[in-house]
Amino acid sequence: MFCYQCQEAAKGTGCEVRGVCGKSEDVAKIQDLLIYTLKGISDIVVKGNLQATDLGDVNHEVLKSLFMTITNANFDDTAIEKEITKMIALRNDLRNRVNALVQEELHDAAKFEVSTKEDMLNKAASVGVLATENVDVRSLRELITYGIKGLAAYAHHAFNLGKENVELYEFIYEALAATLNDSLSADDLVALTMKTGQFGVSAMALLDEGNTSKYGNPEITEVNIGVRNNPAILISGHDLTDLEQLLEQTKGTGVDVYTHSEMLPAHYYPAFKKYDNFVGNYGNAWWKQTEEFESFNGPILFTTNCIVPPKSPEVKSRIFTTGAAGFPGCAHIDADENGRKDFSEIIAMAKALNSPTEIESGKIVGGFAHEQVFALADKVVDAVKSGAIKKFFVMAGCDGRMKSREYYEQFAEKLPKDTVILTAGCAKYRYNKLNLGDIGGIPRVLDAGQCNDSYSLALIALKLKEVFELNDVNDLPIAYNIAWYEQKAVIVLLALLYLGVKNIHLGPTLPAFLSPNVAKVLVETFGIGGIGTVDDDIKMFMGA
Ligand code: SF4
Ligand code: SF3
C-alpha cells in the first residue's frame, strides 16, 4: 500500500505498511481500486461525450464511492469490495452506450475486470498513487483527486438534502478523467487544480443552500456541554438529514440525543431547537472519541468521518454507521428506497444502557454563519473602524491527535486581545472552550459551523471587502492560519485559493503529497506557508 492523502502520513511521506489512521493494507489497496474504477467511469463519460444529466444513479454512486475513501470514513473492506463490484457493473453499462471507436480508445481503468477479492488486491497493486512515476504529475493528480473527494462529500450531503448541481458531476468526471491523461502538462494540471477550487466553492454553496433552506440560518446559540440523567445516543459526522431522522425517531421516547465533534453546529440551526431531547454536545474533536465514547455509555451513530478504530469490544458493540461511513463488525444502517433510515435498533440499545457520565459542564457559544454575522455587520465594522478589533484570524479546518497541534491552542491563547478568531470545522475544539472573552459584545471566537461552513467565512470576507470598499480581499485585516487533516480541508483550501485569498498558513505540517516543485508553485503564486513557533507567527501575522 501507499497512501499520503492526510496530514498523518507516516514519517511525513506516506503510509506503506498500515495507515496511522488504522487503515489496513487491504482497505488501502481496495480504496485505490475503487478510485481507479471511478476514473474509468469518468474516462467513458468524457470520451463518449455522455451527459451527466442522463447518468441517473451513477452520479450519486460516484459521490458515495469518493466519500468512502476519505480518511477515517470507511474501514470496512467488505463494503468497499461491494462498492467496486457495483461501480464496475455501472461502468460496463456506460461503456455499452458508447460506440466501438470510442471503446477502443478507452483507458484500462474503463475496461479491467475483477471478480474475487484476490483479483482486486492484485489489480490494486498496479493502479495506486505510485503508478504515476513523475513526482510532480503524481502530486498534482493527487491534489486534484483529494480535492474532488472533499467536493464529493459536500455534494453528497447536498444531494441528501434534495439539492443537486449537474455541473458538479460534469466537473468530477472531467477532473478524474484528466488524472488518467498522460498528455496533460504540469501547467494544465495546475489550471485544473484551480478549477477544482472553483467547483469546491459551488459545492459548499449548494450544501449551504441545502442546509439553510431546510433548517434555517444558523443563529447565535449557547450549547450545553453537560449531561442529563436519561439514556442517550451520540451522533457524529456531518450529515444533518441523518440527525433530523434520528431526532424525529427519538422524540417522546425518553432517549436524549447529543452531538459529537463535527455535529456540534447542528445546534445552531433553528429547526433542531424544537426537539427537547436534543440536549447538547458531548466531548470534543474526533480524535478524543476513544475515551469519550467509553464514558458516554450509550450507542454512537457515525454519519461520516472521522472514525477511530475502537480498541474496546464493548465500545465497538455500541457503534453504528450509516451513509458512506463503515467499520467492520459495526452495524450499518442503510436508507430504504425513500431515503428513510430505521434507527430503532439504536434507540432500543440506548434504553438498555446507562445515561452518559458527565465529563464537563457549562456552555459554549456558536452560530456565526454568514447571515448571523451580516446581522451584526454594523457592530463589527464599527469595532474595526474604532480600532477595537485590529485583526481577524481565520483558524478553520481540522483538529487531530498529533502533539504539534497544541500550537493552535497556544496560538489562540496568546493572540492579542484585540483580535477575533473566525473558525469552522473541528479545529475549533482547540480554542472554543478557552473563555477568550469578547470585544464590545462580539465573542473573540466566532464559530461558523462545520468545515463546509468555511464557505460562510469566505462570504464574510467578501462582505467586509464590499463594506470597506476594497478592491482586493487580501487588503482586509484578515490572516489565515488553517489546520488541516483530511481531504475536506483540501477542497476548502483550494476554494480559498480560487477566491483569491493569499498568504494562507497551513499546518501543523504541509501535505506530504505536495512535491517540492508543486509546493514551490503554491508558495510563489499564493504565498502559502507553514507554521513556525507561536510567538514568531503571532509577530509575523500582526506585523504584516
Ligand atoms: Fe496514512 Fe492518512 Fe492514508 Fe491513513 S489516510 S493511510 S493515516 S496517509
Ligand atoms: Fe474534522 Fe474529520 Fe476535518 Fe469536517 S471530523 S473537519 S477532521
If a residue must be of a type in the set (S, T, N, Q), open to solvent by 40 Å² or more (accessible area, probe 1.4 Å) and assigned to a helix (DSSP H, G or I), how many such residues does segment 448-474 contain?
1
Filtering segment 470-504 down to residues that are out of contact with any Phe, Trp or Tyr (no Cβ under 6 Å at 6 or more places or on another chain) and within 16 Å of ligand 1 (Cβ to nearest atom) yields W484, Y485, E486, K488, A489, I491
Kindly evaluate G40 against the criterion of being within 27 Å of H332 (Cβ to Cβ), modelled with pLDDT under 95 and more than 13 Å from ligand 1 (Cβ to nearest atom).
no
Taking segment 138-188, which residues are open to solvent by 40 Å² or more (accessible area, probe 1.4 Å) and among the aromatic types (F, W, Y)?
F159
Where a residue in segment 438-462 is of a type in the set (K, R) and its partner, wherever it lies, is surrounded by fewer than 21 Cβ atoms within 10 Å (Cβ to Cβ), with Cβ under 8 Å and at least six apart
R444/K417; R444/T419; R444/L436; R444/G437; R444/D438
Among (1) touching a residue at least 40 places away in the same chain (Cβ under 8 Å); (2) in contact with a strand residue (DSSP E or B) (Cβ under 7 Å, 6 or more places away or on another chain), where does L247 come up short?
(1)
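For a quick check of your reading: which helices (runs of 4 or more DSSP H) sit entirely within segment 1-107 and have at least 3 residues that are of a type in the set (V, I, T) and away from ligand 2 (no atom under 16 Å from the Cβ)?
On the way: elements: 25-47, 57-68, 77-95, 100-105.
Output list reads 25-47, 77-95.
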Would you be able to say whether some residue in segment 423-438 is more than 19 Å from I225 (Cα to Cα), surrounded by fewer than 24 Cβ atoms within 10 Å (Cβ to Cβ), away from ligand 2 (no atom under 13 Å from the Cβ) and of a type outside the set (D, E)?
no
Take the residues of segment 1-17 that are among the aliphatic types (A, V, I, L, M) and either closer than 16 Å to V490 by Cβ or exposed (fewer than 15 other Cβ atoms within 10 Å of the Cβ) (or both): which is nearest to ligand 1 (Cβ to nearest atom)?
A9
If L33 passes every condition in (1) in contact with a helix residue (DSSP H, G or I) (Cβ under 8 Å, 6 or more places away or on another chain); (2) open to solvent by 10 Å² or more (accessible area, probe 1.4 Å); (3) within 16 Å of ligand 1 (Cβ to nearest atom) but one, which one does it miss?
(2)
Which fully enclosed helices (runs of 4 or more DSSP H) of segment 224-318 have 3 or more residues being away from ligand 1 (no atom under 16 Å from the Cβ), of a type in the set (A, V, I, L, M) and modelled with pLDDT of 95 or more?
240-250
Report, by residue number, each residue of segment 325-351 that is of a type in the set (A, V, I, L, M), in contact (Cβ under 8 Å) with a residue 40 or more places away in the chain and under 20 Å from N277 (Cβ atoms).
I346, I347, M349, A350
Quick one: how many residues across segment 345-393 are in contact with a helix residue (DSSP H, G or I) (Cβ under 9 Å, 6 or more places away or on another chain), part of a loop (DSSP other than H, G, I, E, B) and open to solvent by less than 60 Å² (accessible area, probe 1.4 Å)?
6
Could you figure out which of (1) within 15 Å of ligand 1 (Cβ to nearest atom); (2) modelled with pLDDT under 95 isn't true of T69?
(2)
If you take the residues of segment 483-510 that are in contact with a Leu (Cβ under 8 Å, 6 or more places away or on another chain) and under 15 Å from Y4 (Cβ atoms), which of them is surrounded by the most Cβ atoms within 10 Å (Cβ to Cβ)?
V490
Selected residue (criterion: farthest from E61 (Cα to Cα)) from residues of segment 18-30 that are more than 7 Å from ligand 1 (Cβ to nearest atom), free of Cβ contacts under 8 Å to residues at least 60 places away in the same chain and in contact with a helix residue (DSSP H, G or I) (Cβ under 8 Å, 6 or more places away or on another chain)
R18
Could you say whether any residue in segment 14-27 is among the hydrophobic types (A, V, I, L, M, F, W, C) and in contact with a Leu (Cβ under 7 Å, 6 or more places away or on another chain)?
no
Search result, residues across segment 483-503 that are within 16 Å of ligand 2 (Cβ to nearest atom) and more than 14 Å from the chain's Cα centre (by Cα)
L496
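Given the criterion more than 24 Å from the chain's Cα centre (by Cα), farther than 28 Å from L470 by Cα, assigned to a helix (DSSP H, G or I) and more than 16 Å from ligand 2 (Cβ to nearest atom), identify the matching residue among K539, K520.
Details: K539 fails: farther than 28 Å from L470 by Cα.
Residue meeting the stated conditions: K520.
Every residue, every condition in (1) within 16 Å of ligand 2 (Cβ to nearest atom); (2) within 23 Å of the chain's Cα centre (by Cα), yes or no:
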{"position": "A369", "(1), (2)": "yes, yes"}
{"position": "Q372", "(1), (2)": "no, yes"}
{"position": "A377", "(1), (2)": "no, no"}
{"position": "V380", "(1), (2)": "no, no"}
{"position": "A383", "(1), (2)": "no, no"}
{"position": "A388", "(1), (2)": "no, no"}
{"position": "F393", "(1), (2)": "no, yes"}
{"position": "A396", "(1), (2)": "yes, yes"}
{"position": "S404", "(1), (2)": "yes, yes"}
For the condition touching a residue at least 40 places away in the same chain (Cβ under 8 Å), within 16 Å of ligand 2 (Cβ to nearest atom) and in contact with a strand residue (DSSP E or B) (Cβ under 7 Å, 6 or more places away or on another chain), what is the one hit in L240, L234?
L234
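The values are calculated or read from the model by the stated rules, or taken from the named source; none is laboratory data. Here the structure is a predicted model, which means the values were calculated and not measured. We place every Cβ from the backbone using ideal geometry, glycine too, and count neighbours over all the protein chains shown. When the accessible area is computed, the model is the full protein with side chains, heavy atoms only, and any ligands, DNA or RNA have been set aside. Shrake-Rupley method; radii C 1.70, N 1.55, O 1.52, S 1.80 Å.
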